[in-house]
Amino acid sequence: MTVPPTDPALPIARRIERVAPFLAMDVLAAAAAKERRGDSVVHMEVGQPSAPAPRAAREAAKKVLESGSIGYTEALGITPLRERITRHYRDTYGVTITPERVIVTTGSSAGFVLTFLSLFNPGERVAITAPGYPAYRNILEALDLEPAAIPLMKDTGWIMTADAVARRHAQNRLAGVLAMSPANPSGTMIQAEALRALSKTCKALGLWLVSDEIYHGLTYGAEASTALSFNDEAIVINSFSKYYCMTGWRIGWMVVPERLVRPIERLAQNLYISPPYLSQVAALAAFDAVEELEVVRAGYARNRALLLEELPRLGLSDMHPVDGAFYIYADVARFTNDSVAFCKRMLDEAGVAATPGMDFDPVEGAHYVRFSFAGSEEECREAVRRLAAWLK
Ligand SMILES: Cc1ncc(COP(=O)(O)O)c(C=O)c1O
């Protein structure tokens, strides 16, 4: 029997057309091409720590690697790690949860897929912020859910407020709310009282509250609060990627209400069987590396202070409050109304890679740029030197 040739015109799923590329990764590719041509680039485009994973994590992984025994684990993760995460909630926030409610995931990215699949039916609407982390919008679209963008406003502190959620719900029924604090791209935090109000409103309106807490630990004033302090039904999503400097290990976690554990376990078993064992062992050890990780955080704090002082001198003074994370989201309206072209020129002419705001907000993002300060202090200084020469 002859196999017919693959028809290039065979249709692919329509939902894929709604999934946008991640512009930060496109900038990264353009920056890498420039470097291959021998040019130097200061990288401020991707949100990843330049510091390595903590030594203790690497040592723990090395031991397991040498044993050679790296198999599947329980779909929900190994018990010692789930127990250690439980302790983390007690020590950090004074919140008591049982280890059964902790689910270890392949990065927080998998946590979103598990959450959306288990909470929402096709066509339901989930509130997100604009600007916001682009994958929210794209994962929701890929799962036939509808992102409902809530534009952030200066007069309400650039955060998702309880009132804005209630108004949005009154306009068009929501099924859930995805909050993030500290936020990407802005670094702005929802302070405890505002998070309490948001939690209360979600409860009152019967909306799921999903709280992305991936930048916890990276704050420069008040500590971040967990939604679990105010709403026991909240789904909390976190990761070892940012504070723990373990992006490539693809390891994160969720805390969910008890009744969701088994449904999510069924999904995890079928979607990816288990999170990677090697990374789980490393992540467990990372909890004991606070001293090392605090040195990294202190470096971000110095970078932040440097940029907050220097960027305004270059005309980049209008930025969201940088309470946490490692980003500056600057309004560049005085230079451009096309942030994609602006970032391209900044890379080509100044050798500074940054991410156009269009990644985070398809409307207002046309006049915003996100600078990541997760690199070294020297890189930040060099970026300022290059931008000063380029913008003058
Ligand atoms: C707000 C936010 N959530 C989630 C993620 C995904 O992180 P990971 O899948 O590495 O845990 C990122 C990555 O940049 C992020 O900025």
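Which one of Ala20, Ala13, Ala32 is modelled with pLDDT under 95 and over 28 Å from Phe326 (Cβ atoms)?
Values: Ala20 fails: over 28 Å from Phe326 (Cβ atoms); Ala32 fails: over 28 Å from Phe326 (Cβ atoms).
Ala13 is the lone residue from the list that is modelled with pLDDT under 95 and over 28 Å from Phe326 (Cβ atoms).
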Please verify whether Glu265 is over 22 Å from His216 (Cβ atoms), part of a helix (DSSP H, G or I) and outside the structural domain of Tyr72 (by TED's automatic domain parsing), treating the condition exactly as stated.
no
Failed condition for Asp338, given (1) modelled with pLDDT of 95 or more; (2) touching a Ser or Thr at 6+ places or on another chain (Cβ under 9 Å); (3) more than 30 Å from Tyr72 (Cβ to Cβ), with all others met?
(2)
Strands (runs of 3 or more DSSP E) (entirely within the range 122-216) containing at least 1 residues that are over 23 Å from Thr105 (Cβ atoms) and either within 16 Å of the ligand (Cβ to nearest atom) or touching a Leu at 6+ places or on another chain (Cβ under 7 Å) (or both):
125-130, 146-151
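Tell me, yes or no, whether the range 151-158 has at least one residue that is in contact (Cβ under 8 Å) with a residue 12 or more places away in the chain, under 29 Å from Ala24 (Cα atoms) and either aliphatic (A, V, I, L, M) or in contact with a strand residue (DSSP E or B) (Cβ under 8 Å, 6 or more places away or on another chain) (or both). Let's see the steps before the verdict.
Kept after step one, since they are in contact (Cβ under 8 Å) with a residue 12 or more places away in the chain, are these residues of the range 151-158: 151-152, 157-158.
Now restrict to residues that are under 29 Å from Ala24 (Cα atoms): 151-152, 157-158.
Checking the rest, the ones that are also either aliphatic (A, V, I, L, M) or in contact with a strand residue (DSSP E or B) (Cβ under 8 Å, 6 or more places away or on another chain) (or both) come to 151-152.
Checking the range 151-158: at least one residue is in contact (Cβ under 8 Å) with a residue 12 or more places away in the chain, under 29 Å from Ala24 (Cα atoms) and either aliphatic (A, V, I, L, M) or in contact with a strand residue (DSSP E or B) (Cβ under 8 Å, 6 or more places away or on another chain) (or both).
Quick grid of which residues meet (1) of a type in the set (Ser, Thr, Tyr); (2) without any contact (Cβ under 8 Å) to a residue 12 or more places away in the chain; (3) surrounded by 15 or more Cβ atoms within 10 Å (Cβ to Cβ):
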{"position": "Ala32", "(1), (2), (3)": "no, yes, no"}
{"position": "Pro52", "(1), (2), (3)": "no, no, no"}
{"position": "Ala60", "(1), (2), (3)": "no, no, yes"}
{"position": "Ser69", "(1), (2), (3)": "yes, yes, no"}
{"position": "Thr73", "(1), (2), (3)": "yes, no, yes"}
{"position": "Arg84", "(1), (2), (3)": "no, no, yes"}
{"position": "Pro99", "(1), (2), (3)": "no, no, yes"}
{"position": "Ala110", "(1), (2), (3)": "no, no, yes"}
Enumeration of residues in the range 330-358 that are within 22 Å of Ala29 (Cα to Cα) and in a strand (DSSP E or B):
Val352, Ala353, Thr355, Pro356
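Examine the range 161-183 for a residue that is under 23 Å from Glu265 (Cα atoms), in contact (Cβ under 8 Å) with a residue 24 or more places away in the chain and surrounded by fewer than 21 Cβ atoms within 10 Å (Cβ to Cβ), and state whether such a residue exists.
If we filter the range 161-183 for residues that are under 23 Å from Glu265 (Cα atoms), which is where we start, we get 175-178.
Remaining after also requiring in contact (Cβ under 8 Å) with a residue 24 or more places away in the chain: 175-178.
Then drop every residue that is not surrounded by fewer than 21 Cβ atoms within 10 Å (Cβ to Cβ), which leaves 175.
There is at least one residue in the range 161-183 that is under 23 Å from Glu265 (Cα atoms), in contact (Cβ under 8 Å) with a residue 24 or more places away in the chain and surrounded by fewer than 21 Cβ atoms within 10 Å (Cβ to Cβ).
Every residue in the range 370-392 that is in a loop (DSSP other than H, G, I, E, B) and not hydroxyl-bearing (Ser, Thr, Tyr), please. Spell out the reasoning first.
Step one: filter the range 370-392 for residues in a loop (DSSP other than H, G, I, E, B), giving 373-376, 392.
Phe373, Ala374, Gly375, Lys392, listed by residue number.
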Identify the single condition in (1) among the basic types (Lys, Arg); (2) closer than 22 Å to Met189 by Cβ; (3) in a helix (DSSP H, G or I); (4) in the same structural domain as Glu66 (by TED's automatic domain parsing) that Arg302 does not satisfy, given that it satisfies every other one.
(4)
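The values are calculated or read from the model by the stated rules, or taken from the named source; none is laboratory data. As the structure is a computational prediction, the values presented were derived from the model and not from experiment. Here the Cβ is made from the backbone with ideal geometry for all residues, glycine too, and neighbour counts use every protein chain on show.
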